[in-house]
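The values are calculated or read from the model by the stated rules, or taken from the named source; none is laboratory data. Keep in mind the model is a prediction, meaning the values are calculated, not measured. Here the Cβ positions follow ideal geometry from the backbone for every residue, glycine too, while neighbour counts run over all protein chains shown. Just so you know, the surface numbers come from the protein's heavy atoms only, side chains and all, with ligands and any DNA or RNA stripped out. Shrake-Rupley method; radii C 1.70, N 1.55, O 1.52, S 1.80 Å.
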Amino acid sequence: MCLFGFRLQLGGCGILGVGIWLSVTQGNFATLSSSLPSLSAANLLIAVGTIIMVIGCLGCVGAVKESRPLLLAFFILLLLIFFLEIISIMLFFIYQDEIDRYAQRDLKKGLQLFGTEGNVGLTNAWMIVQTDFRCCGVTNHTDWFEVYNATRVPDSCCLEYSDNCGLDNPGTWWTAPCYERVKDWLNDNLVALWIFALCTALTQILGLVFSMTMFCQAVKVETFYA
């Protein structure tokens, strides 16, 4: 159990380190949402890494000291996270169409902030997405026409990047929608995502079993000496 908790702490420390590195070097990288500006890759990694480190610390210290309160706290927190993950997955599949519509509306709203002051993270994120996925706009390259009030797109939409290449000549722009391109990429990597999810679930189940086993042993020992 102590080894399990220590590994959790190491994993959390690694995730936290990556999140801090992203925050320092890339700013609010991958902030595409206008309604959730804090939902960036860096902030998510920092939050997840911190939570994992705290839980791992509870498990490790609880195992070393055979502390029932710490072991119970570890078990409850891990069980709560496990149930929240299951509920989130179920809600995602149940309301997938509604989530798609909301996400597209929110992303289109976020386009209006592209290139504006204080939105460097969102601007960089859109440039990276459009360049890497060879796409333009949320549902179509014409989404940018409403942003610029002209037949124009960002330079990251160009087949061959150059300064001001998005000002004219639509024949040199990517026309594929970014939302569909990203969804296709996720579907192509669905097996890897499910393997990661199953490994995560298995790790959590093992943590629950180990912590409850040690908790029961601690209760037996205390009862025996009482």
Length gained, LEU198-ASP97, 0.36 nm per residue minus C-alpha separation, equals 33.9 nm
Ignoring ligands and nucleic acids, PHE196 exposes an accessible area, probe 1.4 Å, in Å² to the nearest 10, of 140
Expressed as a percent, the accessible surface of segment 66-225 that is carbon or sulfur, using a 1.4 Å probe and the full set of protein chains, is 64
Farthest towards the positive end of the dipole of segment 66-225, among GLY121, LEU159, ILE81 and with Cβ unit charges of +1 on Lys and Arg and -1 on Asp and Glu, lies the Cα of ILE81
Everything considered on the Cα gyration tensor (a ≥ b ≥ c; rounded for a/c under 1.5, else prolate if a/b is larger than b/c, else oblate), segment 70-135 must be described as prolate
Expected field for VAL182, accessible surface area in Å² at 1.4 Å probe radius, rounded to 10, holds 50
Classified through the alpha carbon gyration tensor (a ≥ b ≥ c as square roots of its eigenvalues; rounded if a/c is under 1.5, else prolate when a/b is larger than b/c, else oblate), segment 66-225 comes out prolate
Quick shape check on segment 133-223: root eigenvalues a ≥ b ≥ c of the Cα gyration tensor, a/c under 1.5 is rounded, otherwise prolate if a/b tops b/c, else oblate, and it reads prolate
Ignoring ligands and nucleic acids, ILE76 exposes an accessible area, probe 1.4 Å, in Å² to the nearest 10, of 90
